[in-house]
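Nothing in this text is a laboratory measurement; each read-out follows from the coordinates by a stated rule. Please read these numbers as outputs of a predicted model, since none were measured by experiment. Backbone-built Cβ (ideal geometry, glycine too); neighbour counts: all protein chains shown.
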Amino acid sequence: MTTFQDGPAKGQHLMLRRCARFLRVVEANGKWDALDQLHDEPRPEETLYAYEIVGEPGMMHLNAGRGRGGCYPIATYRLVANQPTDADMRTTEAWHAWCVKRVSP
């Protein structure tokens, strides 16, 4: 279960398969999701927000029946204060480059 402390996604709960230090969270027509997989790309109509993980993530196993169970990370994210440009979040390559710049000395 992934939750968000603040920002536009505050109060949202997502079942993601992966957690990363930085996460692109998307919203379109009131529906929220996150681009948690390495090669996820946003759809043109989605608005993007950058979030950063808070603390250490955990894991949980969920048995939801009908093949929907599995292991999911438990993580909390906060909105990145200085949001990257839309161009920096629209492609996987630009997003990865932005993330590397944020963690490199």
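Answer yes or no: is there a residue in the range 47-59 that is in contact (Cβ under 8 Å) with a residue 12 or more places away in the chain, touching a strand residue (DSSP E or B) at 6+ places or on another chain (Cβ under 7 Å), loosely packed, with under 13 Cβ neighbours inside 10 Å and closer than 25 Å to Glu93 by Cα.
yes
Applying the selection to the range 37-87, what residues are small (Gly, Ala, Ser) and touching an Asp or Glu at 6+ places or on another chain (Cβ under 8 Å)?
none
Return a yes/no flag: does the range 81-98 have any residue that is surrounded by 16 or more Cβ atoms within 10 Å (Cβ to Cβ), closer than 22 Å to Met1 by Cα and hydrophobic (A, V, I, L, M, F, W, C).
no
If I go through the range 3-21 residue by residue, how many of them are surrounded by fewer than 19 Cβ atoms within 10 Å (Cβ to Cβ) and over 14 Å from Tyr72 (Cβ atoms)?
So the answer is 8.
Evaluate the range 22-44: report whether one residue or more is in contact (Cβ under 8 Å) with a residue 60 or more places away in the chain, among the charged types (D, E, K, R) and surrounded by 17 or more Cβ atoms within 10 Å (Cβ to Cβ).
There is at least one residue in the range 22-44 that is in contact (Cβ under 8 Å) with a residue 60 or more places away in the chain, among the charged types (D, E, K, R) and surrounded by 17 or more Cβ atoms within 10 Å (Cβ to Cβ).
Those residues that are of a type in the set (A, V, I, L, M) and assigned to a strand (DSSP E or B), I need them from the range 72-92; list them, please.
Ile74, Ala75, Leu79
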